[in-house]
Amino acid sequence: MSNFVVSARKYRPSTFASVVGQEALTTTLRNAILQDKLSHAYLFCGPRGVGKTSCARIFAKTINCLHRTDKGEACNECESCVAANEQRSYNIFELDAASNNSVNDIRQLTEQVYIPPSVGKYRVYIIDEVHMLSSSAFNAFLKTLEEPPAHAIFILATTEKNKVLPTIISRCQVHDFNRITPEDITRHLQYVAKEENIQADTEALQLIAISADGGMRDALSMFDQIAGFGNGVITIQGVRDNLNLLDEDEYFQLLAFILQGKHDQVLLLIDALLRRGYEGDNIMRGFSTFLRNVLLSQSPETASIVEAPDSIRQRLLKAGQYSKTQLLWEFLKISTAFGAQYKNSSEKRLALEVALLKMVEKCPTSSLYPTPQNEADGTSSTPKTVTSPTPSNSEQERTANEKREARKAPEAKVYRQSVSTTNTQAGTTPTTTSSTKHNISKAQQHFGFNLLTGKTTVEEQKLQKQEKVALSEARNSDFSNEDLHKAWNSYAAKMPKGQMLVRHAMLSYQPHIVTGTVADLEVKVGNDTEARQLNDQLPGILKYLADSLQNDNIRIQIEIDNTIQDNELKTPEAKFEHFEKTNEWFAKFAEDLDLRPMS
């Protein structure tokens, strides 16, 4: 018969000082013993594997120790301590409420309570998983729990405090156990590895600690499993293979493909992962955690709470610097909502692919990004008539409020922005636009490094050289204000119905060429809202203008001039005439209902 003992049992703490990650609680219990202020009933609550039963046994052993230390610890040498360590003490009774949850089981327990201890001062009754007791058993236990004999102490342990009757909780001194931090688990695993002569990489132990989710017992079980797999050697790859965890490289690669808008590469990567046996929900769950870590890495204040091995943490910091916060937030909303959709879906692979393609759709560099079709698509781009849709009542009211606020400021406000089609990072100021292929290259230049390695690869260097060649051969055709207005209105006419306000703003304000340079354009709007709306659409507008006017050096500067509103739409008649001119349906609607304002 083998003498092997699993680490979770072999290294179970035997004193309060050896309990990992529960310093505040063990200090409270130790001080209560030193001051001889013991409660008749305790309730230990907390997640699995954090030391509830171990602390109950240590407490029971310590209060009956014949030679306690000055620090309130058991000596582990006297007859009472040895019997407790060997689990043969007559003063410690353990009851599993999961299998002994009836009234008769509790009645037998209460009958034994009145028998005094033969050795020692106290008899301790440890009831594990107490929430499993039936309501009748709880009620039968109430009176004894409230007024036990002086020699009896009850310690109740549970992982689900909410299922314990309030009348039981009110009779106990409640102690809540915390989840053990990954740092504490890692240090304890390093101690165990040293004691067992096991070679273990620090990052591998960190990954085990993170996967244990705050439970020391789970961490030690994983430790034994992976040590057996590696024949006494624990590596980070062994941890991933045994725990069925995806390599972080896959997540970095997936994020890179999504941010670059490469939906085909995303689908190919997911196909490879599914063929390797990974489940779709595990892939998305891990990717959600990865996105959270990247988002947290963007701020020095939140980077400290990222749970990842040290080498991965450095790569996350780089990825956070070159990823747009708004996009990461949109990705997280999609990934966290994926769980319920995946569970109820009959086509689980399709559900995973659709969720990831929704993320790709959010990126302006993607072909899935919802922008109007342009002439490069081979379709007709010039409509026969250009009309402005009728604003809804809420839109009219919002526009009127904005104009009233604008008239309060006498001076013009400048909202300067020079944006190209590849501008995906707030605060940057690219100077040129380019074709679709050039956009992909610019996006790679925007990230500046390979998310897989954190370094500039040979392939990326080639792309940068190709980009320089493309810039040197950029289109630079001259155009007039008339050509500019035609292309501008053409783009506005093809905007989807969901962007009516932006379309109205484009038709209301026309850009013009700044004196001195054909490629520098300026457009003046009446308020901040219109400026922001146009700014959000600038990548698509600039790309369309570049293709229509054959000029890749176009830049647009948006200015907010509050004086624009002082000379127009001051009266109801002026407002009516404006909408009547810009929308034929508004004129017909007003004529049918006789809505013309009184002069």
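The values are calculated or read from the model by the stated rules, or taken from the named source; none is laboratory data. As the structure is a prediction and not an experimental result, all values here were calculated from the model. When we count neighbours, we look across all protein chains shown, and the Cβ atoms used for this are built from the backbone with ideal geometry, even at glycine. Surface accessibility is based on the protein's heavy atoms, side chains included, excluding ligands, DNA and RNA. Shrake-Rupley method; radii C 1.70, N 1.55, O 1.52, S 1.80 Å.
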Inset, instruction - With viscosity set to 0.692 mPa s and temperature to 37 °C, compute the Stokes-Einstein D of the stretch 1-137, Rh being the Kirkwood radius across alpha carbon pairs; µm²/s, no decimals. - result: 203 µm²/s
Inset, instruction - Could you work out how far the C-alpha centroid of the stretch 85-100 sits from that of the stretch 150-169, in angstrom? - result: 16 Å
Legend entry - 5 angstrom amide H check on A200, placed H, neighbours 5+ away: I234
Legend entry - From phi via Karplus (6.51, -1.76, 1.60), per-residue ³J(HN,Hα) for the stretch 343-355 in Hz, x at Gly/Pro: 5, 9, 8, 7, 10, 5, 5, 4, 4, 5, 5, 5, 4
Legend entry - Amide H partners (placed H, <5 Å) of V525, local residues excluded: E559, I560, D561
Inset, instruction - Any chance you could get the radius of gyration and Dmax over the Cα atoms of the stretch 1-48, in Å? - result: 14.6, 46
Legend entry - the stretch 130-209, relative contact order [Cα under 8 Å, separation at least 6], %: 28 percent
Inset, instruction - Give the distance, in whole Å, between the Cα centre of the stretch 184-203 and the Cα centre of the stretch 309-324. - result: 26 Å
Inset, instruction - Send over a whole-number figure in Å² for the accessible area per residue of the stretch 482-554, probe 1.4 Å. - result: 38 Å²
Inset, instruction - Report T529's accessible area, 1.4 Å probe, all protein chains in place, as a number in Å² to the nearest 10. - result: 40 Å²
Inset, instruction - May I ask you to rank L316, L34 by accessible area, largest first, using a 1.4 Å probe over the protein chains only? - result: L34, L316
Legend entry - Dipole of the stretch 272-316, positive direction: furthest Cα of I283, A303, N293, with charges on the beta-carbon: I283
Legend entry - Stretch gain in nm, segment S102-S134, where the contour uses 0.36 nm per residue and the Cα spacing is subtracted: 10.9 nm
Legend entry - Over the stretch 230-360, relative contact order from alpha-carbon pairs under 8 Å, at least 6 apart, %: 28 percent
Inset, instruction - Quote the accessible area belonging to M132 in square angstrom, nearest 10, computed with a 1.4 Å probe and with ligands, DNA and RNA left uncounted. - result: 90 Å²
Legend entry - J(HN,Hα) series, the stretch 71-77, from Karplus relation 6.51 cos²θ - 1.76 cosθ + 1.60, nearest Hz, glycine and proline x: 8, x, 9, 6, 7, 6, 10
Inset, instruction - Would you grab the residues whose amide H sits under 5 Å from the one on I126? Only those 5+ places off in sequence or on another chain, please, with H modelled 1.01 Å from N. - result: F93, E94, L95, I155
Inset, instruction - Of the listed pairs K52/K343; K362/K581; K486/K524, which have alpha-carbon separations greater than 27 Å here? - result: K52/K343; K362/K581
Inset, instruction - At 7 Å along the Cα-to-beta-carbon direction for both K333 and L38, put a label point, then send me their distance in nm to one decimal. - result: 5.7 nm
Legend entry - Probe 1.4 Å - accessible area at E86, Å² to nearest ten: 110 Å²
Legend entry - Difference of contour (0.36 nm per residue) and Cα-Cα distance, T289 to A150: 44.9 nm
